[in-house]
Amino acid sequence: MMTVEHLNFSYPCGRQILKDISFSAESGAFLAILGNNGAGKSTLLKCFDHILRPQSGSVLVDGTDLLTLSLSELAKQVAFVAQGASGARLTVYDMLLLGRKPYIKWGISQRDRGIADDTLRQMGLDHLAMRYLDQLSGGEQQKVLLARALVQEPKVLLLDEPTSNLDLRNQYEVLGLVRHVCRERGITAVVVIHDLNLALRFCDRFLFLHGGTVFAAGDAAVVNPENIRTVYGMDAAVEHIDGKQVVIPLP
């Protein structure tokens, strides 16, 4: 269970980006953070992972406040998947073992290797284990970054626009993997995403940020024409096609 209470963040210049953010998400939930550019979506994720430090508030995971943890302890609770891979010349297998760093003391254990091996198989990446990351396609690289996050055995998985550089097939494959693995392992996944239809297809909880505050939060019912008009400043219809909710922008 993840519970965010009264979170506030301002940059040193004094500009307040996040104002009294409060929401909760169950274990195994897949939560989409939605909103226009500049709403504070990525800033919110960075506050959860100590990349940025909020001025006040709490982020509780099973009763533990993430904001009070050391970086090494935080890495056992939270994993962050950014957009795209770094240029490091590492094999896929070595990249996964980096995800075990919070647990490694004197050397890589059999358990560390076992978790890496199991995750490679679960993600369908075992045939790429000895390939270098920069030899892979964009979709394969994103799956490797997701696998590296999962070997941390986190309770919360943070994803910052993980599909922004992927083609349609890889967008569906990556988000489908996230949903499946998080439900299976009871991980709370939080994704910043711009595509409302992708969010509706894969996520089960939705949070709209507007003006640095929580404008609406809940199940798919909050993704409605009224909220879209206020948050994005445009008209849209919300229809059901083959039983799936779809947002259609209007001229």
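Nothing in this text is a laboratory measurement; each read-out follows from the coordinates by a stated rule. Owing to the predicted nature of the structure, the values given are computational and were not obtained by experimental measurement. Backbone-built Cβ (ideal geometry, glycine too); neighbour counts: all protein chains shown.
Structural remarks
- Residue-averaged 222 nm ellipticity for the chain, from DSSP H runs of 4+ at -39500 (n - 2.57), nearest 500: -9000 deg cm²/dmol
- For trypsin sites (Lys or Arg not before Pro), the sites in region 1-52 that DSSP calls loop and that have at most 10 other Cβ atoms within 10 Å are ARG15.
- Antiparallel bridge percentage (DSSP; both residues within the chain; nearest 5): 60
- Top positive-direction residue, dipole computed over the chain with Cβ charges, set LEU200, LEU31, HIS240: LEU31
- Mean-position separation - Cα centroids, region 1-79 and region 168-193, in angstrom: 19
- Scaled to the globular estimate 2.2 N^0.38 Å, the Cα spread of region 204-251, given as radius of gyration, is 1.16.
- Here the relative contact order of region 154-244, from alpha carbon pairs under 8 Å that lie six or more residues apart, stands at 21 percent.
- Net charge dipole size for the chain [Lys, Arg +1 and Asp, Glu -1 on Cβ; Debye, nearest 20]: 600
- Electrostatic tally near ILE228: other residues with Cβ closer than 15 Å to its Cβ, Lys and Arg +1, Asp and Glu -1, net -3.
- Debye, to nearest 20: dipole size of region 167-251, +1 on Lys, Arg Cβ, -1 on Asp, Glu Cβ: 240
- Distant-in-sequence amide contacts of HIS210, defined by a placed amide H-H separation under 5 Å and a gap of 5 or more residues or a different chain, comprise PHE215.
- Cα-centred dipole magnitude for region 79-162, charges only on beta-carbon of K, R (+1) and D, E (-1), debye, nearest 20: 300
- The residue among TYR93, THR119, SER56 whose Cα reaches farthest toward the positive pole of the charge dipole of the chain, with charges on the beta-carbon of Lys, Arg, Asp and Glu, is TYR93.
- Applying a DSSP loop filter and a limit of 16 other Cβ atoms within 10 Å to the trypsin sites (Lys or Arg not before Pro) in region 120-153 leaves ARG131.
- All-pairs Cα distance distribution in region 1-105, expressed in whole percent, bin size 10 Å: 12, 40, 33, 15, 1
- For region 163-230, the spread of Cα positions along each principal axis, largest first, Å: 31, 28, 21
- Where the Cα pairs of the chain fall when distances are cut into 5 Å bins, in %: 1, 6, 13, 17, 19, 16, 13, 9, 5, 2, 0, 0, 0
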